[in-house]
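Shown next, in structure tokens, is the structure this report addresses.
The values are calculated or read from the model by the stated rules, or taken from the named source; none is laboratory data. What you see is a predicted model; the values in this text were computed from it and never measured. So basically every Cβ, Gly included, is an ideal-geometry build from the backbone, and we count neighbours across all protein chains shown.
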Amino acid sequence: MPIAPLRPLAAGPGAVASREVVAFVETTSGQKLRECYQCSKCAAGCPLGLAVDLSPQQIIRALQLGQADLALDSRGLWMCVGCQTCVTRCPCEVDLPRVMDALRSYALATHRPAALREVAVFHRVFLESIKRLGRVYEVGLIGGFNILSGHLFDSADLGWPMLVRGKVKPLPPRVRARREVAAIFARAEARRAKERDAVRPAEAAR
């Protein structure tokens, strides 16, 4: 499936100031977006290239052209799995997964709806499981995801066979290093608070 060309973006009520987004992304990710010269090596190697609406370099190009809304509303932003293929292929060593993470952080900080709601829900439930228990609790993960995503009975037929075979445990695991995990989340929350604070002045000025 060919990737669609970038379309002109009309400013609407949900439009964001692209300069603010670019500044946030570059500060948060440590990457310089202008260093990308659109060679498309990242898109050629992307394992999800046939499934996304915008390829990795097109998301970068949208930001370069002042079309931040196009990048923030793309499915490709939320489908990126951070496999690092693009980083290894990039002649300018632009770390695209870091850029994607920064864009997603901006979307979350500004309460912007994700183009793929299920992906954002899964991220939230997955991290909450680790935060509370120190590791993933599979039953709670799938149950929480199904409830919050609205897919109540997805994969319900797989639950009992996996329990019988011991593939999943009915009770949450006990982890010794829960304090260390909690400390990691505390540092992450502090960084996220700084990201939110960096976004708020720009929002208030509009």
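Among the listed residues Ala182, Ala190, Ala198, which satisfies the condition of being outside any loop (DSSP other than H, G, I, E, B) and either free of Cβ contacts under 8 Å to residues at least 24 places away in the same chain or touching a Leu at 6+ places or on another chain (Cβ under 6 Å) (or both)?
Ala190
Being part of a helix (DSSP H, G or I) and hydroxyl-bearing (Ser, Thr, Tyr) is the filter; apply it to region 123-158 and report the residue that is farthest from Ala177 (Cα to Cα).
Per the criteria, the residue is Ser149.
Among the residues of region 76-87, is there at least one that is over 15 Å from the mean Cα position of the chain (by Cα), under 16 Å from Cys36 (Cα atoms) and aliphatic (A, V, I, L, M)?
Yes, some residue in region 76-87 is over 15 Å from the mean Cα position of the chain (by Cα), under 16 Å from Cys36 (Cα atoms) and aliphatic (A, V, I, L, M).
Arg104: over 22 Å from Ala193 (Cα atoms) and charged (D, E, K, R), yes or no?
Working: over 22 Å from Ala193 (Cα atoms): no; charged (D, E, K, R): yes.
No; evaluated as a whole, the condition is false for this residue.
This table checks each residue for (1) modelled with pLDDT of 90 or more; (2) closer than 27 Å to Thr28 by Cβ; (3) polar (S, T, N, Q).
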residue: Glu138; (1), (2), (3): no, no, no
residue: Leu148; (1), (2), (3): no, yes, no
residue: Ala156; (1), (2), (3): no, no, no
residue: Val168; (1), (2), (3): no, no, no
residue: Pro172; (1), (2), (3): no, no, no
residue: Ala177; (1), (2), (3): no, no, no
residue: Ile184; (1), (2), (3): yes, yes, no
residue: Ala188; (1), (2), (3): no, yes, no
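With Val99, Val81 as the choices, which residue is outside any loop (DSSP other than H, G, I, E, B), touching a residue at least 24 places away in the same chain (Cβ under 8 Å) and not basic (Lys, Arg)? Spell out how you get there, then give the answer.
Details: Val81 fails: outside any loop (DSSP other than H, G, I, E, B).
Residue meeting the stated conditions: Val99.
Please tell me if Val94 is buried (at least 21 other Cβ atoms within 10 Å of the Cβ), of a type in the set (Val, Ile, Thr) and either on the phi > 0 side of the Ramachandran plot or touching a Lys or Arg at 6+ places or on another chain (Cβ under 7 Å) (or both).
no
Taking Ser105, is it closer than 24 Å to Phe185 by Cβ, among the small types (Gly, Ala, Ser) and modelled with pLDDT under 95? Show your work before the answer.
Numbers: closer than 24 Å to Phe185 by Cβ: yes; among the small types (Gly, Ala, Ser): yes; modelled with pLDDT under 95: yes.
Against the criterion (closer than 24 Å to Phe185 by Cβ, among the small types (Gly, Ala, Ser) and modelled with pLDDT under 95), Ser105 qualifies.
Does region 80-101 hold any residues that are hydrophobic (A, V, I, L, M, F, W, C) and touching an Asp or Glu at 6+ places or on another chain (Cβ under 8 Å), and which are they?
Residues of region 80-101 hydrophobic (A, V, I, L, M, F, W, C): 80-81, 83, 86-87, 90, 92, 94, 96, 99-100.
Once the filter is applied, which keeps residues that are hydrophobic (A, V, I, L, M, F, W, C) and touching an Asp or Glu at 6+ places or on another chain (Cβ under 8 Å), region 80-101 yields Val87, Cys92, Val94.
What's the number of the condition Leu50 fails, among (1) in contact with a helix residue (DSSP H, G or I) (Cβ under 8 Å, 6 or more places away or on another chain); (2) outside any helix (DSSP H, G or I); (3) farther than 27 Å from Thr110 by Cα?
Evaluating Leu50 over (1) in contact with a helix residue (DSSP H, G or I) (Cβ under 8 Å, 6 or more places away or on another chain); (2) outside any helix (DSSP H, G or I); (3) farther than 27 Å from Thr110 by Cα leaves (1) as the failure.
Test of understanding: among Arg174, Arg124, which residue is under 13 Å from the mean Cα position of the chain (by Cα), of a type outside the set (A, V, I, L, M, F, W, C) and not assigned by TED's automatic domain parsing to the domain that holds Pro56?
Step by step, each of Arg174, Arg124 is checked, and only Arg124 is under 13 Å from the mean Cα position of the chain (by Cα), of a type outside the set (A, V, I, L, M, F, W, C) and not assigned by TED's automatic domain parsing to the domain that holds Pro56.
Which residues, counting only those in region 133-158, are touching a residue at least 40 places away in the same chain (Cβ under 8 Å) and surrounded by fewer than 16 Cβ atoms within 10 Å (Cβ to Cβ)?
The one that is touching a residue at least 40 places away in the same chain (Cβ under 8 Å) and surrounded by fewer than 16 Cβ atoms within 10 Å (Cβ to Cβ): Arg135.
Pick from Val99, Val81, Val87: which is modelled with pLDDT of 95 or more and in the same structural domain as Gln64 (by TED's automatic domain parsing)?
Val99
Being touching a residue at least 12 places away in the same chain (Cβ under 8 Å) and within 15 Å of Glu20 (Cα to Cα) narrows it down to one residue among Ala68, Ala114; which is it?
Details: Ala114 fails: within 15 Å of Glu20 (Cα to Cα).
Going through Ala68, Ala114 in turn, the sole match is Ala68.
How many residues does region 53-75 contain that are under 15 Å from Gln38 (Cα atoms) and assigned to a loop (DSSP other than H, G, I, E, B)?
Residues flagged as under 15 Å from Gln38 (Cα atoms) and assigned to a loop (DSSP other than H, G, I, E, B) within region 53-75 amount to 3.
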